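Everything below concerns the one structure shown next.
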Amino acid sequence: MMNTNPGNGLPDPSEDRERHLLDRLRRGDETANAELFMLYRPRLKRMVALRMDRRLLGRIDESDVVQEAFLDYSKRATEYVHRDDIPFFLWVRMITGQKLLEIHRRHLAVQARDVRREARLHVGPEASAVSLATRLVGNFTTASTAARLAEVRAILQSSLAKLREEDREILALRHFEELTNHEIASILGLSDATASARYFGALKRLRTELTAFPGILDA
Amino acid sequence: MSSDAANKTGEMEALLREFLAIQRGGGNITVEEFAVRHPGQADEIREYFPTMVLLELAKPRAEDWNQTPTPQDEQDPTTPEVLDDYRLVREIGRGGMGVVYEAEQISLRRRVAIKILPNAILSSESAVARFQRESTAAAILHHTHIVPVFGTGHSRGWHYYVMQLIDGRGLDTVVRELKHSQDLKSGVLDLLANMDGSSSSKSSNQRAFCHFVARIGQQAAEALQFAHDHGVLHRDIKPSNLLLDESGELWITDFGLAKLDDEHDLTRTGDFVGTVRYVAPESIAGRADSRSDVYALGLTLYELLALRPGIVGDRQSELLQNALHPSVTPLRQIARELPTDLCTIIQKAITPLPGDRYETAGQLAEDLQRFRRDEPIRARPLSPIGRLVRWQRRHRGLAASIATVAVLLVMMTAGAFTAAIYFGSLNRRLENTVASLDLARSQAESRSLENRQLAEQADGARELSDRTSYRAQVALAYNRLASGDAPGAIDALNRALPVGGQPDRRDWEWFYLKRWYEGSGVKLERPGSFSGAVDYSPDGRHVVAAWMIDSSRDSAKEELRCDVLLHDASSGLVVERLCSVDRPIDALAFDPSGQQIAVAAQRRDIRIFDVASKEWLASMARPNEQGLVVRRMRFNPDGDQLLAMWKRERLGPIQAGTALLYSCRDGKTLLATPAKNADFTADGRSLLSVSRNARNVELTDLATWQSNPWLPESVYGGGIWGITASTDGSIVAAASTDKVLVWDMKSKVQIARLLIGHRAANITISKDGRLITVSGFSNNVQIWDVARRRKITTLLGTSVMRTTSFSPDGDWIVAEDAEGDLHRFSTRQAASGLTWETRSMSQTSSMSLSTEDRLIHAVDTDTVETWDSQSQRRLRKTKINTSTDAIWPRFDMALSSDGSQVAAPMSADASRVGIFDTTTGEVVGLLTGHRGRVVHVDVDQSGRRMMTVSADAGLHHVRLWDAQAFAKIRDFEPIHELVAATISPDGQLIAVADSGNKLIVWRADSGDRISTIDHPGGITCLQFDHRGERLAASRRDDGEVHAWDLRKGESLFQRSGLQTPCGLAWSPSGRRLAVAAQETVHVLDASDGEQLIALKKNVRAAGTLGYTACVIFSEDGLRIVANAARGEICVWDANTISGTGFQPVMPNVHPKIP
């Protein structure tokens, strides 16, 4: 989503609100801590759901991960006051991502020194084709999901699975986690323009994959 | 990146934002319309936007996040497009061993099939080496029915395997198609019939099909024989590995791949579900040979003919068990029209025992060919004798299963109770074994119909398997309860119930676990996630709780909703939705009438809700300070004032806050005081509050608004965090750093210091002031008995700093567990047993139960104490003038079974035994004339006869007494170094063990030796059963218990591996034997000594000095009482606690001996 309101029914996390809370935090008002975090809780939960290893489904709830992340966060909240290199949401997202990686390690005995994963700290565990598939087609029995949607999702899932990881990641960040281009650029350490170019590149490659399903893009 | 390109993406981003803004704003605009609007970028829009729209359309919605999706196949699908010389064209299949692609070999411009192996399988170097070795071996197999392997490769981290591309289908597809389409079936049959060159009339379809199956079976068997001749086993023959090409020829694929997975547990992943179906039992055990391939081929052909798998099962454990102990429905029973010979061939191929199968695949091929030519086949249906032999072998398998359970049970008792993971794997193994036992039993049942001889064996097997199965279920139930899985536990208990005409095997342990289950709590229905607020209704019938509900399913808009729901306290079910709030609720409180509820929602004023009218009444303003939430609320006893503790919304250390007192009539704030915590006094006239610096407790008179320190500052020590008063006005409890301090409200005398070991965040007192719950940050909720200053239990899995609420009677508590479920726990029979300290009794050497099993008498060195087991209060302590000079464990004191008298050597003269009245301590009789000091005293159940042993210069003298006349009845032959002795409950038999490894049983009346048994020595304790028919002995230093059948004069069982077993008790039913060991009471099956349950004593310090481990069964067989090393009394009760009127009745309770 491009705008900043994820529309989740919680108070509008507009930049003003965030700035106001951050100001309070900087002034030493620690009560702003939790409120700040709560602003982004639904989005963090979504991020966790998207990236949680499928083997942990049913064992660990996204809320628990976010809750654990909150504990880490509250220990480190004052740390953020002195940072200006990263937007607040991305910072808590990073903490949550680290927590999720830690949980993966704890429960799945994932090698702690996996260099590839260490390098992903700012992104969190990858939105792997499998975890996407789980989210996209894992629920096709839901009554509320129309058959058409189920079909689209199935096709999209198989097409996403054929993309490179970088492409899949940027599409997931943008559309499923609803980060802005600027936020994505910040996470990935790219310029806005480069992130944008990568995004359109990924979109293009996804389109190529989707051409295998005539009519899917005509909707 | 060029600036042009940057500009361009910037432009596109802007367009994207615009488009999405329109769409999200409800504007219905298509990509095409948008493109028309922006002619300059129309092409880019048409190129990119439809894909983006699709992503937006398909993105997971809120409802998707909140469901737990079913785990999907675990396969990394990101595969390269080109591998070395091969360009992947399309995926043509996938399975546990990888994904198969159609590919083009670039250099040769030919089409091939490439199988890319999952990295997980080739995770080690040895696996890679094996893969290369095996695939090389497979590559040498050139046979008309084996898919040629061109080679293997390794590129960019991928291992692959190149094969000839076969245009055709796997037999799994063929089976599926045949099954689902009758038309297709006849079509295929026609085709096949044509292929076989025979006519295609309907009547001959079946025959043609059978011949077709025989033909491809023969081809496969020949191919297998060829491979076996070259030393290559396939190991994974199954329908999907047999390909049927378009000309009807069969090809075997995937040679040499299955072995790659040797190192992997067959049960590891779902990938193997399909494979396990066809694996021969000996393969699972790791002893595959060429006959295993024959078996798998047989099952494949079976499936083709029956159109259903031979080995069935949905769950993995089930499937594995069925594969291990195959019981395939004979083909003829499925399809009567199938030719007998073909059925016989298939049945022979799929015989569970390799020795009964075709010896080679070639023989199978030959028989199939004979069938096709209508020649007599070699295979013969099994004769009844053959079946008998098979049954016996099967029986051996059953015995092996039973042995497995036995081993698992032994492992469980080996003290490995600590790791939950261990429990998990043990449970799975037990579950698997139980499944196989169930199967074995059903087989035993069906076989028993075949003939009587078999039936007798089957009955024996069934008996054994039933008994073992019962034990396994009990063990499962125990493990599940210990790991907090109450539903799983009740399931296991239910499975241990007798079915049909089976004997009821339940005894003490079953009822005990049932009771434990009942005490483990009822889970409240969970409609959403718990928001942290719960309260018991004043009448104890309901619980009100606040739940966050995901309402996005009801409405398009994702919104937050918190429901206040009324639950039935006993069933946990939701009775009624009272109200909803659009934000999380932090606290709820019932008023004393139960008619109104105070609701504190985040960033909202507190409001009062009327239960009957469903209306919001008063509203109470929150404090001006930002970021405060209500931690707890309480009404005063009159219900006209509400106290709310406002604190900063933050997890972690307890925050200072503000206590606000409101009037319920108008909602006005009566008092606002800075405080860490506050509570009403019992009469509601005053307020107790902890100052913000945690140093002071102030008492504020609510009439005069005067505040005074309640106690001098110094008494609180390290600071006070929370305070609460019991509603009966008796006590005040305060949470301090690592303890809870309890004062008597009136006298202000500190009555208890409960060392809870961590900082308490939340304390609740039951309404009668008897119990206190303490919860802290990431610590389980503890329940403490105030009067006895001891922890009753820790509610496992409740590691959340959240509200707990007592029922008015204090018998129940509602608490949140780590999973976010609310449970109602019983505080009366908390967890698995009841233990209390006697403090005074450190050297208990004899115990008895009396007065309807309520009073426990225990004798220490020179005192007898009587305890009420229900209140755990000591009723009486009587001094007795006995000898304190004894060797431990000591057996020279004996309580009568009703606890009214105790016999023990006198302090002045240990050669005289005094009979003491346990109420007065008076000596009511003396047994005199012993030679030397008395070292052993025992009394029969009626208290009429006693036995004494005195030691005199290496000889022990055994004497029988009339315990009422205090007169000697007879002496027995002197024993050289007697080590243990006992009298039977009916007083008719006496048993002694000497150091010369002889166990001697005398008839008490005649003094005749009726039995002499050799024993291994070192006997500590002896005990007759209630009928005097069996004798049990413990051997403390060897950790063993023996039992003998005295009538048959033979050993019943010998059980080892116990930790210093000492006291013994037969259950009144005679079916159980309880053994008191160091830290555990073991309950054994009296028929074979197998353990049913191990009861852990609550032992804080180990040590055997001055400790005689005793154990007794109550007369109704419902309770086991034992002593622990430091003067604790432990009671394990099998009586029901649920109050539903269900009373367990112990089977065959032996009548009390008069």
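The values are calculated or read from the model by the stated rules, or taken from the named source; none is laboratory data. These numbers come from a predicted model, not from an experiment. Don't worry about glycine lacking a Cβ; one is built from the backbone with ideal geometry, like all the others, and counts go over all protein chains shown. For the accessible areas, the whole protein counts, side chains as well, though only heavy atoms, and no ligand, DNA or RNA atoms are used. Shrake-Rupley method; radii C 1.70, N 1.55, O 1.52, S 1.80 Å.
Overview of results
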| item | result |
| --- | --- |
| Within 10 Å of each Cβ in B:42-55, the average number of Cβ atoms from other chains | 5 |
| Interchain or long-range residues, amide H under 5 Å from B:Ile146's placed H | B:Ile252 |
| Probe 1.4 Å, all protein chains present, accessible-area order of B:Asp892, A:Asp72, B:Asp582, largest first | B:Asp582, A:Asp72, B:Asp892 |
| Other-chain or far-sequence residues with amide H under 5 Å of B:Ser911's (modelled H) | B:Val934 |
| ³J(HN,Hα), Karplus 6.51/-1.76/1.60, whole Hz, each residue of segment B:340-347, x for Gly, Pro | 4, 4, 4, 4, 4, 4, 4, 4 |
| Karplus-derived 3J(HN,Hα), 6.51/-1.76/1.60, for each residue of segment B:366-371, Hz, glycine and proline x | 5, 5, 5, 5, 4, 4 |
| Carbon and sulfur %, accessible surface of segment B:978-1109 computed with the full protein complex present, 1.4 Å | 39 percent |
| Local net charge near B:Gly929, Cβ-Cβ under 9 Å (Lys/Arg +1, Asp/Glu -1) | +4 |
| Residue-by-residue Karplus 3J(HN,Hα) for segment B:564-577, coefficients 6.51, -1.76, 1.60, Hz, glycine and proline x | 9, 10, 9, 9, 6, 5, 7, 9, x, 6, 6, 9, 7, 8 |
| Average Cα contact separation per residue, segment B:950-1013, under 8 Å, 6 or more apart, as relative contact order % | 21 percent |
| For the pair B and A, total buried accessible area rounded to nearest 100 Å², probe 1.4 Å | 5100 Å² |
| Charge tally in the Cβ shell below 11 Å around B:Phe590, where Lys, Arg are +1 and Asp, Glu are -1, B:Phe590 excluded | -2 |
| Environment charge of B:Ile983, counting only residues whose C-beta is closer than 10 Å and scoring Lys/Arg +1, Asp/Glu -1 | -2 |
| Amide hydrogen neighbours beyond the local backbone of B:Leu875, cut-off 5 Å, H modeled | B:Thr866, B:Trp867, B:Asp868 |
| Per-residue SASA entry for B:Trp867, accessible area with 1.4 Å probe, Å² rounded to 10 | 20 Å² |
| Computed FRET value (nearest 0.05) for A:Arg17 with A:Ser191, which takes r as the C-beta separation and R₀ as 30 Å | 0.60 |
